[in-house]
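The values are calculated or read from the model by the stated rules, or taken from the named source; none is laboratory data. None of the values given here were measured: they were computed from a predicted structure. Cβ: placed from backbone, ideal geometry, glycine included. Neighbour counts: every protein chain shown.
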Amino acid sequence: MKLIVGLGNPGSKYEFTRHNAGFMAIDELAKSFGLQFKPAKGDWWGVESVINNQRFYLMKPSTFMNASGNAVYYFLKEKKIPLSDVLVIYDDFQLPLGTIRVRANGSDGGHNGISSIIYSLETLEFPRMRIGIGSEKTVNTNEYVDFVLSRFSNEEAEKLKIMTPIYKDCILCFIEEGIFITMNKYNKNFIQIPQEEEQQDLNNAPTI
C-alpha cells in the first residue's frame, strides 16, 4: 500500500489558501475516483482505493499544519508501510505556481508541516512532492505567514485549473511507477518554461 499525505489546515477559513495546496491535490485525486474522505480513528480524514492492483490510502491530517506528523506517525505505526511508499504533498512559496518538485528525501525547507513529520518519524528519508504556490512578487520573510495563508487570485485560480489534473497524474505516477520515474516526468514548470530552460531540459537528463 502507498500512503499519500496531503498537507493543509482544516476548516472553511483556510479553503483555497496557498498553504492548503496539499489538500487540493489529493482532493482532485479523490474526486476523479469518486472517493469520499471520512474521519479516521486518529487525527486525520482518509479513504482507501486501488488502481491497477496498486492499493493506496489518501490522508488529510485534521490537526493544524504544525502537528501533521501525529497522523503520519500513528498510521505508519499501525500499517507498517515502508517510508519509500509514503508521499507527502505540500506547498512551497519559493517555487512559482505551475512548478512541481518531487524528491526522495530532504530537509523541511522551513515548512512547518514537513518539520512536524520529520520530528515525529525521526528521519528525513521519505518522498515528498512540493507544489509551487509562489507569485511573481518577491515575498519577504516577514510577509511569509500572511502570503501562504492568503487565497489565490482570480488569475492564479485559472492556472490552478490547469495544474490540478497534473497534480493528480503526478500522484498516480508515484503510486504506479515509483519515485524515480515520477521525478523524471514531473520535475518542471508546466505553465511557463523559459526557452533557455526548455532547451536545457531537452539536452540533459533530469537530476535525481
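A few points about this structure:
- Among the residues of this structure, G113 does not count as one that is closer than 25 Å to I162 by Cβ, of a type in the set (G, A, S) and in a loop (DSSP other than H, G, I, E, B).
- Failed criterion for D108 (all others in (1) surrounded by fewer than 18 Cβ atoms within 10 Å (Cβ to Cβ); (2) within 16 Å of the chain's Cα centre (by Cα); (3) closer than 13 Å to K2 by Cα hold): (3)
- If only residues of the stretch 42-78 that are of a type in the set (G, A, S) and at pLDDT 95 or above are counted, the one that is farthest from E122 (Cα to Cα) is S49.
- Every residue from the stretch 51-77 that is among the basic types (K, R) and either in contact with a helix residue (DSSP H, G or I) (Cβ under 8 Å, 6 or more places away or on another chain) or in a loop (DSSP other than H, G, I, E, B) (or both): K60
- Per-region count, the stretch 114-148, residues over 30 Å from G178 (Cα atoms) and touching a helix residue (DSSP H, G or I) at 6+ places or on another chain (Cβ under 6 Å): 1
- Test: D146 is without any contact (Cβ under 8 Å) to a residue 12 or more places away in the chain, surrounded by fewer than 18 Cβ atoms within 10 Å (Cβ to Cβ), of a type outside the set (K, R) and not in a helix (DSSP H, G or I): no
- Of all residues making up the stretch 118-138, the number that are in contact with a strand residue (DSSP E or B) (Cβ under 6 Å, 6 or more places away or on another chain) and either modelled with pLDDT under 95 or not in a loop (DSSP other than H, G, I, E, B) (or both): 7
- For the stretch 19-50, residues that are closer than 28 Å to V145 by Cα, touching a strand residue (DSSP E or B) at 6+ places or on another chain (Cβ under 7 Å), among the small types (G, A, S) and outside any helix (DSSP H, G or I) total 1.
- Residue within the stretch 31-38 that is closer than 20 Å to Y90 by Cβ, modelled with pLDDT of 95 or more and exposed (fewer than 15 other Cβ atoms within 10 Å of the Cβ) present: yes
- Pair list, Cβ < 8 Å and 6+ apart or interchain, from the stretch 61-74 residues that are acidic (D, E) to residues that are crowded, with 23+ Cβ neighbours inside 10 Å: none
- Hits in the stretch 149-160 - residues which are in a loop (DSSP other than H, G, I, E, B) and either in contact with a helix residue (DSSP H, G or I) (Cβ under 9 Å, 6 or more places away or on another chain) or crowded, with 18+ Cβ neighbours inside 10 Å (or both): L149, S150, F152
- Positions within the stretch 71-102 being surrounded by fewer than 16 Cβ atoms within 10 Å (Cβ to Cβ) and on the phi > 0 side of the Ramachandran plot, in sequence order: K80
For (1) out of contact with any Leu (no Cβ under 8 Å at 6 or more places or on another chain); (2) under 18 Å from N187 (Cβ atoms), each residue gets a yes or a no:
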residue: V88; (1), (2): no, yes
residue: L95; (1), (2): yes, yes
residue: G113; (1), (2): no, no
residue: S116; (1), (2): yes, no
residue: L121; (1), (2): no, no
residue: I131; (1), (2): no, yes
residue: V145; (1), (2): yes, no
